[in-house]
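Contents: one structure, followed by commentary.
The values are calculated or read from the model by the stated rules, or taken from the named source; none is laboratory data. As the structure is a computational prediction, the values presented were derived from the model and not from experiment. Neighbour counts are summed over all protein chains in view; Cβ atoms, including those assigned to glycine, are modelled from backbone coordinates with ideal geometry.
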Amino acid sequence: MDTLNDLNERVDAFVGTSSFDTPAAANDQAPIDVPAEVHEDIVASVDFSEVELADEFTEPQVAVTPNGLLPMEPLPIDGRLRKAALRMPDEIEEASGFTLFGRRIKSLIYTTDVAVIRNSNADAVFAVYPFTPQPAITQALLTVAECPVFVGVGGGTTTGKRSVQMAAVSEMQGAAGCVVNSPATAEMVEHITNIADIPVIATVVRCDDDAHAKVRAGAKILNIAAGKNTPQVLRELREHYPNLPLIAPGGKTPESIRETIAAGANAIIWTPPSAQQLQTDMMQRYRKMKEDATPVISHDDIPIIDQVAAAEVSQVENMNPDVPIPDEVIERVASIHDHIEERRANRGLKPSLHGFFFRGKKR
């Protein structure tokens, strides 16, 4: 067994000074630098969730300008006439979103109105309509949209080869994805994925074997359209597919949007008001502005116009006189006209109309 002196000698050899020496003796010799080695299998992390930061670190950053203190954030850019009149609800920003071709998508606007699409700030367009899909409609939507467009290719009334062809044509036109309705079979989803190189969004109404079959067939995104049961279906599907993008309608209230996001939705489908409703609201505001701004005119405020006094003013006498043409200009033009007519006569041509205004003018 090692004695106490042996242990002290080993410590002195490693550290360079004895821990039992006096402080004065310890300062006589510098300690030996020993490199620290950390094994690669050790993972260190720091949890800042319960760290309280000072107020100067939590306050928004501002800049001192001649106009006062302004937030150090880029100002939104809008046109003089054009603005994003339809803005997505702020609650949608709480969603995690999903990445499509390098673009993060959190909000999808559910409409086929080109005017609404052009004046919204949605991340993508969810263009599904209750009619037979047509390439002309898809082309019109892609022309006005400034974001990815997911177009419907059937699945209910339109099935089979027609839906597969529509998916291929939509890809050639520039669609970002194709949406199939809930009656679409897993075989049709597989045919579309084999033909088109854009993701297939499969619509499901419950977490059942049909939904699982569509995922196995190649559906990249699931659209949950379960009505009031949407949050429950979302939770069930999220348990089976933790990494699969799920989209769903968020309802009409901020609370329902948050509930849908908490249930597992990566992106929210938002239904905007129709253009007719927006026009009705705008006309109501205009009528109210007209009523508030138009004063009540009494008989005393109406000006009296004396027709006799007004007729005494001659409008002809008040007109500016014509600009006179100098005589030398008239003489020069007349000489040119005579020269031209002489040359035409020598060639046997008829008199021209040049200088008609100055005909008869003599030098």
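Numbers below:
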{"item": "Number of positions in the range 258-286 that are out of contact with any Pro (no Cβ under 6 Å at 6 or more places or on another chain), among the aliphatic types (A, V, I, L, M) and more than 20 Å from residue 113 (Cβ to Cβ)", "result": "4"}
{"item": "Restricting the range 271-290 to residues that are hydroxyl-bearing (Ser, Thr, Tyr) and under 21 Å from residue 253 (Cα atoms), the residue that is modelled with the lowest pLDDT", "result": "274"}
{"item": "Condition broken by residue 156, with the remaining ones in (1) in a loop (DSSP other than H, G, I, E, B); (2) under 30 Å from residue 82 (Cβ atoms) satisfied", "result": "(2)"}
{"item": "Boolean, residue 185 is over 21 Å from residue 98 (Cα atoms), of a type in the set (Ser, Thr, Tyr) and surrounded by 15 or more Cβ atoms within 10 Å (Cβ to Cβ)", "result": "yes"}
{"item": "For residue 161: the one exception among (1) among the charged types (D, E, K, R); (2) within 31 Å of the chain's Cα centre (by Cα); (3) at pLDDT below 90", "result": "(2)"}
{"item": "Flag for residue 82 being at pLDDT 65 or above and either in the same structural domain as residue 146 (by TED's automatic domain parsing) or outside any loop (DSSP other than H, G, I, E, B) (or both)", "result": "no"}
{"item": "Which listed residue, of 73, 93, is more than 28 Å from residue 191 (Cα to Cα), surrounded by fewer than 21 Cβ atoms within 10 Å (Cβ to Cβ) and under 14 Å from the mean Cα position of the chain (by Cα)", "result": "93"}
{"item": "Pairs where the first residue, in the range 191-205, is over 18 Å from residue 265 (Cα atoms) and the second is outside any loop (DSSP other than H, G, I, E, B) and β-branched (Val, Ile, Thr), C-beta under 6 Å, 6+ apart", "result": "191/164; 192/164; 192/200; 193/200; 195/164"}
{"item": "Residue within the range 169-188 that is in the same structural domain as residue 242 (by TED's automatic domain parsing) and in contact with a His (Cβ under 6 Å, 6 or more places away or on another chain) present", "result": "no"}
{"item": "Unique match (being small (Gly, Ala, Ser), surrounded by fewer than 19 Cβ atoms within 10 Å (Cβ to Cβ) and touching a residue at least 40 places away in the same chain (Cβ under 8 Å)) among 122, 115, 140, 136", "result": "115"}
{"item": "Test: residue in the range 208-217 that is assigned by TED's automatic domain parsing to the domain that holds residue 95, farther than 25 Å from residue 190 by Cα and among the basic types (Lys, Arg)", "result": "no"}
{"item": "Residue that is farthest from residue 230 (Cα to Cα) [pool: residues in the range 260-277 that are surrounded by 17 or more Cβ atoms within 10 Å (Cβ to Cβ) and out of contact with any Lys or Arg (no Cβ under 6 Å at 6 or more places or on another chain)]", "result": "272"}
{"item": "Scan of the range 87-110 for residues that are farther than 19 Å from residue 256 by Cβ and either of a type outside the set (D, E, K, R) or not assigned by TED's automatic domain parsing to the domain that holds residue 265 (or both), ordered by number", "result": "98, 99, 100, 101, 102, 105"}
{"item": "Candidates 144, 125, 151, 180 - the one that is closer than 23 Å to residue 216 by Cβ and hydrophobic (A, V, I, L, M, F, W, C)", "result": "180"}
